[in-house]
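The next block holds one structure in the form of structure tokens; read it before the comments.
The values are calculated or read from the model by the stated rules, or taken from the named source; none is laboratory data. Because the structure is predicted, anything quoted here is derived from the model rather than measured. Note that each Cβ is placed from the backbone with ideal geometry, even for glycine, and that neighbours are counted across all protein chains shown. Heads up: the accessible areas ignore ligands, DNA and RNA and are worked out on the full protein's heavy atoms, side chains in. Shrake-Rupley method; radii C 1.70, N 1.55, O 1.52, S 1.80 Å.
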Amino acid sequence: MSTVDIIAAHYDASDRGDLAGMLAPLGQETTWTEAAGFPYAGTYVGPEEVREHVFDAIARDWEGYTFTLEELLDAGDAVIGLGSYRGKHRRTGRSFTARVAHVWKFDGGKLAAFEQIVDSAPVARAAEDR
């Protein structure tokens, strides 16, 4: 399976709501970085930390949170997913749309790192108390 196929399978699992399928490409040493300014900012290692600090937190805080993939780019040892996040914050009731890029880096055919680059301002505004 090519690196693009591996990441396409992750996004297909996301569309199905299949968390196990989404986490399948991550190894115990894979780093996952959520952007500064994003509610879940930080770097997590391995599928358990990513599930707990990213996906469980999103499910807890947001209703209808989705990522829509618009383009998947093959950059050799990296794959880039371009698209948008959308969701409605459970506590505030406010919705957002934000542009995002996902950079997936491979080493020896295995996923080594994920980095999120996102316009976090709309997300933060939807979640903030006013």
Exercise. Looking at residue 123, is it hydrophobic (A, V, I, L, M, F, W, C), outside any strand (DSSP E or B), open to solvent by less than 10 Å² (accessible area, probe 1.4 Å) and closer than 25 Å to residue 47 by Cα?
Worked result: yes
Seminar exercise, completed: residue 40 fails exactly one of (1) of a type outside the set (A, V, I, L, M, F, W, C); (2) at pLDDT below 95; (3) in contact with a strand residue (DSSP E or B) (Cβ under 6 Å, 6 or more places away or on another chain), namely (2)
For this session: Could you check the stretch 1-118 for strands (runs of 3 or more DSSP E) lying wholly inside it with 2 or more residues that are open to solvent by 20 Å² or more (accessible area, probe 1.4 Å) and of a type in the set (D, E, K, R)?
Result: 62-74, 78-89, 95-107, 110-118
Exercise. Which of the following residues is farther than 19 Å from residue 62 by Cβ and of a type in the set (Gly, Ala, Ser): 121, 113?
Worked result: 113
Problem set entry | Selection count where residues are of a type in the set (A, V, I, L, M, F, W, C) and either in contact with a Leu (Cβ under 7 Å, 6 or more places away or on another chain) or touching a residue at least 24 places away in the same chain (Cβ under 8 Å) (or both), scope the stretch 1-35 | 10
